[in-house]
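Here is the structure we will look at, set down as structure tokens.
The values are calculated or read from the model by the stated rules, or taken from the named source; none is laboratory data. All values reported here derive from a predicted model rather than from experimental measurement. For neighbour counting, all protein chains shown are included, and Cβ atoms are generated from backbone atoms with ideal geometry for every residue, glycine included.
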Amino acid sequence: MEWVEVSTENCTVQRTLDVVGEKWSLLVLRDAMNGVRRFDDFRRHIGLSDAVLSDRLRKLVGAGILGTVPYQESGRRTRHEYRLTDKGWALWPVMLALKEWGDAYTADPEGPPLDVLHKDCGEPLRTVVICADGHGPLTPREARTRPGPSARPVE
């Protein structure tokens, strides 16, 4: 069965995009991965409305990508910080790959606004593709696709 013969109704890329594929959701994830925790800080840093931010945070919490931790400042009501869950941190390589592509093709002439470096040696990180057996880095020409176990024919 060829890819064009496979139904895409259960495509995992499509399902992932349904959860995190919206611009504001990705920017919330970017900020969360860089230490932003509080609603007002997300709003101020990303520059979106309370309603849109509330919606994106609710969806990310509902998907198990962010969790909430209560906090209370003196004399104020209890509020929540947003923290990445293990499921959220599993998106880190995806975000790093988007950043790497953006650094190569959309950065200002003087370079990117954020460097991500290896703590031990100080060199920039880069994303690579390897196989489960450890071979790599691989190029697209070294990969092949085939229908997976849940592939169904197009009806």
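Observations, loosely collected:
- Looking only at the stretch 1-58, residues that are in contact with a His (Cβ under 7 Å, 6 or more places away or on another chain) and of a type in the set (A, V, I, L, M) come to 1 in all.
- In the stretch 117-131, residue surrounded by the most Cβ atoms within 10 Å (Cβ to Cβ) [restricted to those that are over 22 Å from the mean Cα position of the chain (by Cα) and not charged (D, E, K, R)]: Gly122
- Subset tally (residues that are of a type in the set (Asp, Glu) and surrounded by 14 or more Cβ atoms within 10 Å (Cβ to Cβ)) for the stretch 70-116: 3
- Within the stretch 44-63, the set of residues being in contact with a Ser or Thr (Cβ under 8 Å, 6 or more places away or on another chain) and under 12 Å from Trp24 (Cα atoms) comprises Arg56, Lys59, Leu60.
To keep it simple, each residue is scored yes or no on (1) under 28 Å from Cys11 (Cβ atoms); (2) part of a helix (DSSP H, G or I); (3) touching a Gly at 6+ places or on another chain (Cβ under 9 Å).
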{"position": "Ser25", "(1), (2), (3)": "yes, yes, no"}
{"position": "Val36", "(1), (2), (3)": "no, no, no"}
{"position": "Arg44", "(1), (2), (3)": "no, yes, no"}
{"position": "Asp55", "(1), (2), (3)": "yes, yes, no"}
{"position": "Val61", "(1), (2), (3)": "yes, yes, yes"}
{"position": "Val69", "(1), (2), (3)": "no, no, no"}
{"position": "Lys99", "(1), (2), (3)": "yes, yes, no"}
{"position": "Ala104", "(1), (2), (3)": "yes, yes, no"}
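- Summed over the stretch 133-147, residues that are closer than 27 Å to Glu9 by Cα, within 24 Å of the chain's Cα centre (by Cα) and assigned to a loop (DSSP other than H, G, I, E, B) total 2.
- Residues located in the stretch 70-92, provided they are of a type in the set (D, E, K, R) and at pLDDT 95 or above: Glu81, Arg83, Asp86, Lys87
- Per the listing Ala32, Ala51, the residue uniquely modelled with pLDDT of 95 or more and in contact with a helix residue (DSSP H, G or I) (Cβ under 9 Å, 6 or more places away or on another chain) is Ala32.
- Under the condition of being without any contact (Cβ under 8 Å) to a residue 12 or more places away in the chain and over 18 Å from Thr16 (Cβ atoms), the residues counted in the stretch 59-68 number 0.
- Residue in the stretch 18-35 that is surrounded by the most Cβ atoms within 10 Å (Cβ to Cβ), counting only those that are free of Cβ contacts under 8 Å to residues at least 24 places away in the same chain and within 10 Å of the chain's Cα centre (by Cα): Leu27
- Screening Glu5 with (1) at pLDDT 95 or above; (2) closer than 30 Å to Pro149 by Cβ gives one miss only, at (1).
- Among the residues of the stretch 47-69, some residue qualifies, meaning at least one is more than 30 Å from Pro147 (Cα to Cα), surrounded by fewer than 12 Cβ atoms within 10 Å (Cβ to Cβ) and in contact with a strand residue (DSSP E or B) (Cβ under 7 Å, 6 or more places away or on another chain).
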